[in-house]
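Just so it is clear, none of the values below were taken in a lab; they were calculated from the coordinates. Being a predicted model, the structure only gives us computed values, none of them experimental. Virtual Cβ from ideal backbone geometry, glycine too; neighbours counted across all protein chains shown.
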Amino acid sequence: MTGAAGVPNAGADELARLDEACFPAPERWSAAAWDGELRAGDRIIGVRRVGGRLVAAATVQVVAGDADLHRILVDPAHRGRGLARDLLTEMVDRASRRAGRMLLEVRPDNLAALALYRGAGFAVIARRASYYGPGVDALVMELALVSHPEGQAGKGADPRPDAGLSTGVCHAGGEPREETP
């Protein structure tokens, strides 16, 4: 769900609270980091609400023909309802209008996220040593995006290659963020 011109109906403080529910302290993004995401012109951001409450969000950066999935967050109380799958489908759809592939980083032990991404067609292409901190590697995954004109996505077929998978995950990727006081 987004507002006018693709700006999500969520503020940085609200996104930071959701981030806090999903990630341990060293991996959380602050409200200042989320504000940067919201202001960046090369981002695609999607959110989901239940009863007016923000329960899921995703952000992708598109640069030089590549889309980088930075984060998918689903409130722990709302996992297992397909929200992560729904947001991933939306991010892939929207990114395919501007990029030829999508990349992401994920912890090798995040089995729910790996199942989600593999179900959507992502494949592991590399491993980044100590990406999440000393001794905590990341798998780099890639999905080739099928380009389509604005407004033509998903017509004639279910655009969700993982339509049968029901999982909610927290995924952290993208560039490390400096915390601002």
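Annotations
- Length released on extending from Arg127 to Val50, taking residue separation times 0.36 nm less the Cα-Cα span: 24.1 nm
- Annotation: extensible slack from Asp137 through Ala115 equals 6.2 nm (criterion: 0.36 nm per residue apart, minus Cα-Cα distance).
- Anisotropy class of segment 23-93 from Cα gyration tensor, a/c 1.5 cut: oblate
- Listed from fewest to most Cβ neighbours within 10 Å, the set His70, His78 follows the order His78, His70.
- Cα gyration tensor shape for segment 1-144, rounded if a/c is under 1.5, else prolate or oblate: rounded
- As a calculated quantity, the FRET efficiency between Arg17 and Val146 at R0 = 25 Å, using C-beta atoms, amounts to about 0.10.
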